Amino acid sequence: MSEPDTTAAVSEVEAQEAELVLTAFTHDQAWHLGVRLVELATERDLPVAVDIRKGTQQVFHAARPGTTPDNDSWIERKVRVVYRFGASSYLVGLRARAKGRDFNADHGLAFQEYSAHGGAFPVHVSGVGIVGVVTVSGLAQQDDHALVVEALRELVGSQPAA
């Protein structure tokens, strides 16, 4: 991705994070979000693993055909990025690339512990902040990210206004 494309992508993902804020996030909503992601993946025959956390509790996990335990490792590494940096794993990685920097080297973080690759998105609740993370692993990073954004948009659209 060239510099202007990366800069545009940073702006787009920042706008998504500002847009996708929930009024609440219950266990039932987490379940329905996870089921919706699995439905989308099944309809499109996508080999993905889906993971949803409320705080540190894993409240949903599913793995579609074509995934391996390595997808779960990617999920863990992406989730750590969201919780540590307060932004989607894709945005954190894009920001580093836009500056021509190596995310892991800059922060002294082992790649096997932290991966600033797309697919983990913070669950923001209005007036509260980040209360969880929804993650997809198995596709190209921009596609993992896009699938999460699609499902979160549906959830945000179904909630009453704050």
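Quick notes
- Taken over the range 98-121, residues that are part of a loop (DSSP other than H, G, I, E, B) and open to solvent by less than 40 Å² (accessible area, probe 1.4 Å) amount to 5.
- Count - residues of the range 45-84 that are in contact (Cβ under 8 Å) with a residue 40 or more places away in the chain, of a type in the set (Gly, Ala, Ser) and surrounded by 19 or more Cβ atoms within 10 Å (Cβ to Cβ): 1
- Taking residues in the range 145-159 that are closer than 14 Å to His32 by Cβ, and partners anywhere that are open to solvent by 30 Å² or more (accessible area, probe 1.4 Å) and assigned to a helix (DSSP H, G or I), the pairs with Cβ atoms closer than 7 Å and at least 6 places apart or on different chains are Ala151/Arg36; Glu154/Arg36; Leu155/Gln29.
- Residue in the range 13-30 that is open to solvent by 40 Å² or more (accessible area, probe 1.4 Å), outside any helix (DSSP H, G or I) and over 21 Å from Val131 (Cα atoms) present: no
- Once the range 122-160 is narrowed to residues that are assigned to a strand (DSSP E or B) and either modelled with pLDDT under 95 or more than 18 Å from His27 (Cβ to Cβ) (or both), the residue that is most open to solvent (accessible area, probe 1.4 Å) is Gly129.
- Close pairs (6 angstrom Cβ cut-off, 6 or more residues apart or separate chains): free of Cβ contacts under 8 Å to residues at least 60 places away in the same chain and over 12 Å from Ser73 (Cβ atoms) in the range 100-126, in a loop (DSSP other than H, G, I, E, B) and open to solvent by less than 10 Å² (accessible area, probe 1.4 Å) anywhere: Phe103/Ala116
- Matching residues, the range 59-97, being in a helix (DSSP H, G or I) and of a type in the set (D, E, K, R): Asp70, Asp72, Glu76, Arg77, Lys78, Arg80, Arg84, Arg95, Arg97
- So Glu39, is it in contact (Cβ under 8 Å) with a residue 24 or more places away in the chain and surrounded by fewer than 16 Cβ atoms within 10 Å (Cβ to Cβ): no
The values are calculated or read from the model by the stated rules, or taken from the named source; none is laboratory data. Note that the structure is predicted; figures quoted are calculated from it, not measured. Neighbour counts are summed over all protein chains in view; Cβ atoms, including those assigned to glycine, are modelled from backbone coordinates with ideal geometry. The area values use the complete protein model at the heavy-atom level, side chains included, leaving out ligands, DNA and RNA. Shrake-Rupley method; radii C 1.70, N 1.55, O 1.52, S 1.80 Å.
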